[in-house]
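The block underneath contains the structure these notes are about, expressed in structure tokens.
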Amino acid sequence: MSGKQPIPPKVGTIWSIGDGRVHFLEKGVRDKEPVILLHGCGSIAEELLLPFEDSEFRVIAPDRPGYGLSTPIPASECGPIGQSFWLERFLDCAGFTGLTIVAHSIGSAPALHLAARRPDLISKLFLISPCCSPVPPKAMLILRAASAPLVGGLVRQHVISRWATFFVGQGLRASSFPNTVPSRLDGLPASHLVNPLAVQTMADELRAFNRDMQLLPSLPPHLIIHVLFGLSDAIIHPALHIDWLRRKHPAAFIKVLEGVGHLPHHVAPDEARNMLANLICPQMPQGTDQLPLDHVA
């Protein structure tokens, strides 16, 4: 065991909404256009905020329900559809309309559902390595054990939580591959990222993912979508999700980066910030800037 003290999480603002609380971090000038940041599975607001905290815009990053300091929602509502209603309540409480949302990985799923259902709330999406198409099941033996009846609580409390730094390190290396883990991620609070509640939330949202994404309708034609993928993503298969997005929204602007994995916003932060700025204040015609789909395999 090392003698290092646990890294504390960053604490921002906590709102009481309905029966729960929503914690969020905020950076930028308050009179600028707000941009909402939605983190992926097993992450927190602090992680997705890092590449955008010096943005020229007002960026607001909530912990999604069950992660960080935000109250969980019932397991039956943890899928993308249920989380889209959670997001809707948060945005309505803030009084936002016509928003830009930046979403990473599975955080893209509730954003897409809300954009389809409430086009008045969301006008632009910047999706980073989006996990949005229904996917083949993975083994994920540790996560399955952690959510199993009877023994799951013991695994969450005495295995995963006790070795939080190890599991977070493993996850970051897998997500960064083939790139090295960016040094800025060394400061993430491992014990806050991986705790019994967050692990259960991961299992619940993954369990409902395919069912909910099969129900997503075509997206509103006025919605503007920019997508950034790492071509060497080993967590999800870019071709599967790019093809699915094209069917839901043929006008999406999709850019892929050679030699980049599941964390392009950390590996190529300037590219991510430039794409966000160009989404909000367009400087080039809408269209595609990507490899042909048969090269995105």
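The values are calculated or read from the model by the stated rules, or taken from the named source; none is laboratory data. Small disclaimer: the values here were computed from a predicted structure and weren't measured. For neighbour counting, all protein chains shown are included, and Cβ atoms are generated from backbone atoms with ideal geometry for every residue, glycine included.
For the reader, a short list of remarks on this structure follows.
- Residue count for segment 205-235 satisfying the condition of being modelled with pLDDT of 95 or more, hydrophobic (A, V, I, L, M, F, W, C), under 17 Å from the mean Cα position of the chain (by Cα) and assigned to a loop (DSSP other than H, G, I, E, B): 0.
- Members of segment 55-66 that are touching a strand residue (DSSP E or B) at 6+ places or on another chain (Cβ under 9 Å) and either touching a residue at least 60 places away in the same chain (Cβ under 8 Å) or buried (at least 22 other Cβ atoms within 10 Å of the Cβ) (or both): Ser55, Phe57, Val59, Ile60, Ala61, Pro62, Asp63, Arg64, Pro65
- Residues within segment 255-271 that are in contact with a His (Cβ under 9 Å, 6 or more places away or on another chain), surrounded by fewer than 22 Cβ atoms within 10 Å (Cβ to Cβ) and part of a helix (DSSP H, G or I), tallied: 1
- Residue ID - modelled with the lowest pLDDT, chosen from residues in segment 24-46 that are part of a strand (DSSP E or B) and closer than 20 Å to Ala111 by Cα: Pro34
- Residue check for Arg246: part of a helix (DSSP H, G or I), surrounded by fewer than 21 Cβ atoms within 10 Å (Cβ to Cβ), in contact with a Pro (Cβ under 8 Å, 6 or more places away or on another chain) and not β-branched (Val, Ile, Thr): no
- Checked against the criterion of being over 27 Å from His237 (Cα atoms), more than 16 Å from the chain's Cα centre (by Cα), of a type in the set (A, V, I, L, M) and not in a helix (DSSP H, G or I), segment 76-98 has no qualifying residue.
- Flag: Pro250 does not match the condition of being in contact with a Lys or Arg (Cβ under 6 Å, 6 or more places away or on another chain) and either charged (D, E, K, R) or more than 18 Å from Ile106 (Cα to Cα) (or both).
- Arg21 being assigned to a strand (DSSP E or B), surrounded by fewer than 22 Cβ atoms within 10 Å (Cβ to Cβ) and among the basic types (Lys, Arg): yes
- Residue check for Leu50: in a loop (DSSP other than H, G, I, E, B), within 23 Å of Ala190 (Cβ to Cβ) and either within 13 Å of the chain's Cα centre (by Cα) or touching a residue at least 40 places away in the same chain (Cβ under 8 Å) (or both): no
- When Ala75 is tested against (1) modelled with pLDDT under 95; (2) touching a strand residue (DSSP E or B) at 6+ places or on another chain (Cβ under 9 Å), only condition (2) is not met.
- Criterion violated by Glu53 - all others in (1) farther than 21 Å from Asp270 by Cβ; (2) of a type in the set (Asp, Glu); (3) modelled with pLDDT under 95 satisfied: (1)
- Here Ala277 qualifies as under 30 Å from Gly28 (Cα atoms), assigned to a helix (DSSP H, G or I) and either under 16 Å from the mean Cα position of the chain (by Cα) or not hydroxyl-bearing (Ser, Thr, Tyr) (or both).
- In the set His226, His222, only one residue is in contact with a strand residue (DSSP E or B) (Cβ under 9 Å, 6 or more places away or on another chain) and surrounded by 16 or more Cβ atoms within 10 Å (Cβ to Cβ); that residue is His226.
- Considering residues of segment 170-190 that are surrounded by 16 or more Cβ atoms within 10 Å (Cβ to Cβ) and not hydrophobic (A, V, I, L, M, F, W, C) only, the residue farthest from Gly42 (Cα to Cα): Asn179
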